[in-house]
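Visitor: Handing you this structure, nothing more for now.
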Amino acid sequence: MIAGIGTDIIEIERLKDKKDLWKRFLSKKDWEYISRFIQPEEHVAGFWAAKEALVKALDNTSIEFCDINILHTESGKPYFENVPFEGNFHLSISHERKFATAVVIWEK
Ligand SMILES: CC(C)(COP(=O)(O)OP(=O)(O)OC[C@H]1O[C@@H](n2cnc3c(N)ncnc32)[C@H](O)[C@@H]1OP(=O)(O)O)[C@@H](O)C(=O)NCCC(=O)NCCS
């Protein structure tokens, strides 16, 4: 059964120079992925949108963003690790030059 859905959109420019904020919301594993890119900001913005969308799907603001990992399958599909709620979380991320967006479906 679908327990929640969340979506978010962020202007990439708004996060671009906020490295202090990056440090607060990206996990160690997120950093490992982000560090592969010469211009990481669109990936960072996608991760932010994903975690905001997760909060909306859960209707719960208590989760610590930096404890949640966003990993990728071999084909590149993103997924959450370490979400402190039961169920399956389906994640989709997209980014373009100006915006990043994400959708989360919580199934339990
Ligand atoms: C994988 C693919 C869908 C990504 O789409 P895109 O428009 O290049 O990029 P977007 O900005 O929309 O999405 C990027 C995000 O897609 C996600 N993604 C990558 N591979 C994915 C996959 N296999 N499944 C689901 N999501 C995927 C990632 O989260 C990525 O962001 P991240 O690396 O920062 O986490 C695309 O590259 C692709 O392979 N399309 C195949 C379709 C095709 O061949 N069309 C031609 C028909 S002629």
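Visitor: Tally the residues that are exposed (fewer than 12 other Cβ atoms within 10 Å of the Cβ), under 24 Å from Glu11 (Cβ atoms) and not β-branched (Val, Ile, Thr), restricting the search to the range 42-82.
Guide: Selection size over the range 42-82: 2.
Visitor: For residues in the range 48-82 being within 13 Å of the chain's Cα centre (by Cα) and among the small types (Gly, Ala, Ser), which is farthest from the ligand (Cβ to nearest atom)?
Guide: Step one: filter the range 48-82 for residues within 13 Å of the chain's Cα centre (by Cα), giving 48-57, 63-72, 77-82.
Cutting the leftovers down to among the small types (Gly, Ala, Ser) gives us 49-50, 53, 57.
Numbers: Ala49: 10, Ala50: 8, Ala53: 12, Ala57: 16 Å.
Per the criteria, the residue is Ala57.
Visitor: Here's another thing I want to ask about it. Restricting to the range 32-41, and then to whatever is surrounded by 11 or more Cβ atoms within 10 Å (Cβ to Cβ) and either farther than 19 Å from Ser94 by Cβ or hydroxyl-bearing (Ser, Thr, Tyr) (or both), can you tell me which residue is nearest to the ligand (Cβ to nearest atom)?
Guide: If we filter the range 32-41 for residues that are surrounded by 11 or more Cβ atoms within 10 Å (Cβ to Cβ), which is where we start, we get 32-34, 37, 40-41.
Pick out the ones that are also either farther than 19 Å from Ser94 by Cβ or hydroxyl-bearing (Ser, Thr, Tyr) (or both) and you get 32-33.
Working: Glu32: 13, Tyr33: 7 Å.
That would be Tyr33.
Visitor: Considering only residues that are crowded, with 18+ Cβ neighbours inside 10 Å and outside any helix (DSSP H, G or I), which ones fall in the range 7-31?
Guide: Within the range 7-31, the subset crowded, with 18+ Cβ neighbours inside 10 Å is 8, 10, 12, 15, 22, 25-27, 30.
Of everything in the range 7-31, those that are crowded, with 18+ Cβ neighbours inside 10 Å and outside any helix (DSSP H, G or I) turn out to be Asp8, Ile10, Leu26, Ser27.
Coordinate-derived values only; no laboratory data. If you're wondering where the values come from, they're calculated on a predicted model, not measured in any experiment. Cβ sites come from the backbone with ideal geometry, for glycine too, and all protein chains shown count toward neighbours.
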